[in-house]
1. With respect to the numbered conditions (1) hydroxyl-bearing (Ser, Thr, Tyr); (2) more than 14 Å from the ligand (Cβ to nearest atom); (3) at pLDDT 95 or above, which one is the sole condition not fulfilled by Ser59?
2. For the range 62-89, give me each residue that is within 9 Å of the ligand (Cβ to nearest atom), of a type in the set (Gly, Ala, Ser) and not in a loop (DSSP other than H, G, I, E, B).
3. Scan the range 282-293 and tell me whether some residue there is surrounded by 19 or more Cβ atoms within 10 Å (Cβ to Cβ), β-branched (Val, Ile, Thr) and within 17 Å of the chain's Cα centre (by Cα).
4. If Leu136 passes every condition in (1) modelled with pLDDT under 95; (2) surrounded by fewer than 19 Cβ atoms within 10 Å (Cβ to Cβ); (3) more than 19 Å from the chain's Cα centre (by Cα) but one, which one does it miss?
5. Right, Ser92: assigned to a strand (DSSP E or B) and either out of contact with any helix residue (DSSP H, G or I) (no Cβ under 7 Å at 6 or more places or on another chain) or β-branched (Val, Ile, Thr) (or both) or not?
6. If you check every pair at least six apart or on different chains, which have Cβ atoms under 8 Å apart with a residue in the range 134-155 that is farther than 13 Å from Arg208 by Cβ first and a residue that is in a loop (DSSP other than H, G, I, E, B) and among the aromatic types (Phe, Trp, Tyr) second?
Amino acid sequence: MPLPSYTLGVMEASAYAPEVFARGLPSGPRPEQSFEDVAKPAGAVAGDASALLSLQGISLSFGGVVALADIDLSVRQGEIRAIIGPNGAGKSSLINVISGVYRPDRGHVRLDGTSYAQVPTQRLAHLGVARTFQNLALFKGLSVLDNVASGLAYKVRSNFAGQVLGIGRSRGEQRDSRSRAEQILEFLHLTAIRDRLVGTLPYGLQKRVELARALVAEPRLLLLDEPMAGMTASEKSEMASFVRAARDRFATTAVLIEHDVGVVMGLSDRIAVLDYGRKIADATPDEVRNDQRVIDAYLGVASDNEDGAGI
Ligand SMILES: Nc1ncnc2c1ncn2[C@@H]1O[C@H](COP(=O)(O)OP(=O)(O)OP(=O)(O)O)[C@@H](O)[C@H]1O
């Protein structure tokens with residue numbers, strides 16, 4: 001599929017004021033996240049057979065709260081796809097369904113041709129899926145290089161004693177992991193800080209290290225949960241360039257949740273918009289920008305929320 005060219009450096013001024021995109025998130029406890037979830041291939045289902053990722057009829061409720069209602073989504077290989085929507089629209093729930101943290105009440109997730117009632121979270125890396133987290137999930141007391149190399153830990157086959165003692169196969173595996181980590185560090189312009197402890201780095205750089213750790217395994221699908229949250233405008237612009245560069249270099253497909261709609265408009269091939277758990281648009285950035293349902297969803301928020309908390 002030919003991909004459109006981008007003009008990213010300049011954040012396109014969104015047609016919407018930031019406060020238009022804010023909605024208070026109802027508070028509530030997060031459910032226990034089970035890592036013992038079992039993959040349940042669901043057999044053949046309808047959908048876009050050429051898609052790397054497709055969701056069919058995904059519904060998810062928490063008690064009486066409908067987080068996701070009958071969501072279909074199809075993401076092609078090499079696409080950068082954003083999922084946006086006001087607070088509480090269901091974006092995190094959707095990423096958690098795609099990554100197997102949640103089992104949907106109904107529907108299936110198809111990854112690279114295999115359909116799951118629940119994606120096997122513990123096998124994500126083996127399935128070619130990597131993710132970053134809204135709140136950084138790095139080893140703060142380890143170096144940048146070690147953090148990035150840890151993204152390949154799932155491939156290490158040597159036993160624990162071998163790893164500790166650095167003998168036999170494990171020594172070769174470690175060498176291999178570090179050399180691949182070094183390549184990714186260079187790609188993301190992190191080589192100069194490879195030996196720094198992650199906890200001592202500014203937040204924007206830590207986010208980039210997390211991206212490096214996700215990319216080191218060369219995933220086919222990269223899930224980014226608010227990759228630019230808390231960043232300055234120039235850090236956001238850099239991060240967007242790196243996501244695009246990863247797609248260009250490794251053919252990585254990226255699905256991202258991001259609140260900064262200006263960044264998303266400049267970065268994404270297509271954007272899916274959620275509102276109250278429903279998908280109300282799924283189109284190119286220009287189409288989304290001019291979609292009346294999207295404008296209404298965000299404007300409705302503005303009138304509900306006169307003091308307009310930030311995004
Ligand atoms: N663990 C939970 N328990 C109860 N309700 C939940 C839970 N997780 C999400 N919800 C509800 O599901 C709906 C969707 O929430 P979700 O976090 O997926 O939205 P979101 O678009 O990611 O919001 P935000 O942008 O604020 O992160 C909301 O009404 C939310 O309150």
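1. Checking Ser59 against (1) hydroxyl-bearing (Ser, Thr, Tyr); (2) more than 14 Å from the ligand (Cβ to nearest atom); (3) at pLDDT 95 or above, the one that fails is (2).
2. Matches in the range 62-89: Ala67 only.
3. no
4. (3)
5. Spelling it out, it is not the case that Ser92 is assigned to a strand (DSSP E or B) and either out of contact with any helix residue (DSSP H, G or I) (no Cβ under 7 Å at 6 or more places or on another chain) or β-branched (Val, Ile, Thr) (or both).
6. Close Cβ pairs satisfying both conditions: Asp146/Phe139; Ser150/Phe139.
This table checks each residue for (1) in contact with a strand residue (DSSP E or B) (Cβ under 9 Å, 6 or more places away or on another chain); (2) touching a residue at least 60 places away in the same chain (Cβ under 8 Å); (3) closer than 18 Å to Leu111 by Cβ.
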site	(1), (2), (3)
Ala214	yes, yes, yes
Ala217	yes, yes, yes
Asp225	yes, yes, yes
Met231	no, no, no
Val243	yes, yes, no
Asp248	no, no, no
Asp269	yes, yes, no
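Residues checked against (1) within 18 Å of Ile84 (Cα to Cα); (2) at pLDDT below 95; (3) touching a helix residue (DSSP H, G or I) at 6+ places or on another chain (Cβ under 7 Å):
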site	(1), (2), (3)
Ala217	no, yes, yes
Asp225	yes, yes, yes
Ala229	yes, yes, no
Ala233	no, yes, no
Ala246	no, yes, yes
Ala251	no, yes, no
Val261	yes, yes, yes
Gly266	yes, yes, yes
Asp282	yes, no, no
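The values are calculated or read from the model by the stated rules, or taken from the named source; none is laboratory data. Here the structure is a predicted model, which means the values were calculated and not measured. Virtual Cβ from ideal backbone geometry, glycine too; neighbours counted across all protein chains shown.
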